[in-house]
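Here is the structure we will look at, set down as structure tokens.
Each value in this text was obtained by applying a stated rule to the coordinates, not by laboratory testing. Keep in mind it's a predicted model, so treat the numbers as computed, not measured. No Cβ is skipped: glycine too gets one built from the backbone with ideal geometry, and neighbour counts run over all protein chains shown.
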């Protein structure tokens, strides 16, 4: 059943989160559909289509299965698992929920938040990002190993020598091991030598910007050449004026998301800036006009999937390069805004209808604020930045990097 149907069901919910591109999702979906337990409602959610549900109820690893009771996750499993393993997990969670064990709720000691200055926050975020860097092989973390273009962009924009060396080392490893017309999003192995079978177009768009910023700092044509070739690869995958989310085994996943296309549009603007090749500007303008041609927006274009603040954030940052975006700002303020100048991830009607809370997601707010800065709305962007100065460290380092980019921009503008 789908999520809305499950809301009417009082049983425990076993929710499979999957995507169109993950390697093990098809296998786990088939295994999940073999499992039966009368005490559970079985739900399947596409995490790309419903990032709000994935954020609330999954570990952001796909495939994953979460057990939900009264709006809370009380158990789960992720990765390539078979029907028998899934069934065993359900039985264990059911036993606990019926009193067969003790559901331990850890104490949550009160932690006094520290209000950082902008400079202190930038230094802290830099330290947190560099702590995840692999000094032996480059990249971030171990297995999987990520090259995380938005983290690289933050480090490059900081401009200190060590941050630049980290970005160069990682970009060079990603080019050598993960590039094949475009980039694979990560390596499965510590030494980069095994990659997945899919490429995500938005990751490639962010990689283009990282490479161009590296070229700007180093004047090394190597980075420029790979940025251009990656851009040309993206252009080859356009269908009916839009770009798909992924290429899996060289087959196009024909789903078109606002946030993905907005990131690609931004990369095309950067490519034009650095190459003066008008084809990139023409493509960016064409994409802008296509996105603005819709009478109403949804996260997954041409569908009944809700529109999320995530979409407006990336769309505003893209449009801001054309000094446009007031229509996006007005929509965000009418449906997603809070009294403190920040924005919730879903509008109230969706939250109420689907019985989910509304959250202020730092990286979405940071992207939106960068768009505001591009349009000259300094005070509005500063309000967003100030709100997270005492809580940014509660988010993961990838999200912190996007917030760090905003803080660097504010420092430069003040």
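Put in order of Cβ neighbour count within 10 Å, fewest first, the listed residues 362, 1 become 1, 362.
Extent along the principal axes, Cα only, for the chain: 64, 47, 46 Å, with the longest axis given first. Remark: the residue 27-residue 250 segment gains 78.4 nm on full extension, using 0.36 nm per residue and subtracting the alpha carbon distance.
Tell me the Kirkwood hydrodynamic radius of the range 172-268 in angstroms, computed as one over the mean inverse distance between distinct C-alpha pairs.
13.6 Å is the Kirkwood radius here.
As a ratio to 2.2 N^0.38 Å, the alpha-carbon radius of gyration for the range 297-341 is 1.19. Distance between the pseudo-spin-label points of residue 1 and residue 220 (7 Å out from Cα toward the beta carbon): 5.6 nm. Our note on the geometry: Cα centres of the range 1-69 and the range 326-377, 26 Å apart. When shorter helices are ignored and each DSSP H run of at least 4 residues is given -39500 (n - 2.57), the per-residue value for the chain at 222 nm works out to -16000 deg cm²/dmol. With the simple model of a label 7 Å out from the Cα in the direction of the Cβ, residue 172 to residue 296 spans 5.3 nm.
Could you compute how fast the range 3-97 diffuses translationally, taking Rh as the Kirkwood radius over C-alpha pairs and applying Stokes-Einstein at 25 °C with viscosity 0.890 mPa s? Give it in µm² per second. Rounded, D is 188 µm²/s. Ranked by how many other Cβ atoms sit within 10 Å of their own Cβ, fewest first, the residues 156, 68 fall in the order 68, 156. For the chain, a Gaussian network of Cα nodes joined below 10 Å ranks 366, 351, 227 by mean-square fluctuation, and the top entry is 351. Full extension of the chain segment joining residue 350 with residue 141 gains 71.7 nm, where the gain is 0.36 nm per residue of separation less the Cα-Cα distance. Each residue, residue 338 and residue 273, gets one label point 7 Å from its Cα in the Cβ direction; the gap between the two is 3.0 nm.
Legend: calculated FRET efficiency, residue 69 to residue 239, from the Cβ-Cβ distance at R0 = 51 Å, rounded to 0.05, equals 0.75.
Dividing the alpha-carbon radius of gyration of the range 110-182 by the rule-of-thumb value 2.2 N^0.38 Å gives 1.27. Considering only alpha-carbon pairs that sit under 8 angstrom and 6 or more positions apart, the relative contact order computed for the range 39-103 is 19 percent.
When each of 52, 386, 20 is scored by the number of other beta-carbon atoms lying within 10 Å, the sequence from fewest to most is 386, 20, 52.
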